[in-house]
């Protein structure tokens, strides 16, 4: 498992004192208020303050004293140590842990590897197998089991066939 997890993307400076607005990539943005240090572009920043609303998080970071310094972080990923994040409830997983898992049907048929998860009301999984790319929502009954330790996700073949959309990679 990766020790650092992407928790957001820097959207823009917020105000003139170096605060940055973050697009959270976690289920509950309020969890980000507990983070004490973050990493952006390989540099470590101490979190001086953090606040959230329903759509965004706002961080004041050590070494980012003004709007110009905050502007340099625009568009970059923000990471945090896994140990600094709250423990997940049973049946919940970080996206970074699911990417790379092999997807199989309940009969053992290999479907491909999870290449990405697109956050949405119902997350959309991107499954790749060679030149074939298939997208499917994490709708009810599609995912039967997730085994992070063995990097395997078991899908219901019938439900998968109903909701999956296949396309050739460009």
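What percent do you get for the relative contact order of the chain when only Cα pairs under 8 Å and 6+ apart count?
Working: 353 pairs, mean separation 31.4, N = 170.
Once divided by the residue count of the chain, the mean separation gives 18 percent.
Roughly what percent of Cα-Cα pairs across the range 95-165 reach past 21 Å?
Values: 282 of 2485 pairs.
The answer is 11 percent, as a whole percent.
Put in order of Cβ neighbour count within 10 Å, fewest first, the listed residues 135, 78 become 135, 78.
Give me the compactness ratio for the chain, meaning the Cα radius of gyration over 2.2 N^0.38 Å. Walk me through the numbers on the way to the answer.
Details: Rg = 18.4 Å, N = 170, 2.2 N^0.38 = 15.5 Å.
After normalising by residue count via 2.2 N^0.38 Å, the value is 1.19.
Expressed to the nearest 5 percent, the antiparallel share of DSSP beta bridges inside the chain is 90 percent.
Taking Cα atoms of the range 4-84, Rg/Rh with Kirkwood Rh, to two decimals? Provide the component values of the computation, followed by the final result.
Details: Rg = 11.0 Å, Rh = 12.1 Å.
That ratio equals 0.91.
Each peptide in 17-25, 51-59, 100-108 receives the mean, over its residues, of other Cβ atoms within 10 Å, and ordering these scores from highest gives 17-25, 51-59, 100-108. For the range 58-111, evaluate the Debye formula with one uniform point scatterer on each Cα (no solvent term) and list log10 I(q)/I(0) at q = 0.15, 0.23, 0.24, 0.31 Å⁻¹, rounded to two decimals. Log10 of I(q)/I(0), two decimals: -0.71, -1.01, -1.04, -1.26. Distance from the alpha carbon centroid of the range 1-78 to that of the range 111-161 works out to 29 angstrom.
Values in this text are rule-based calculations from the coordinates and carry no lab data. Since the structure is predicted, the reported quantities are computational estimates derived from the model, not experimental observations. Using ideal geometry, Cβ is built from the backbone for each residue, glycine included, and neighbour counts are taken over all protein chains shown.
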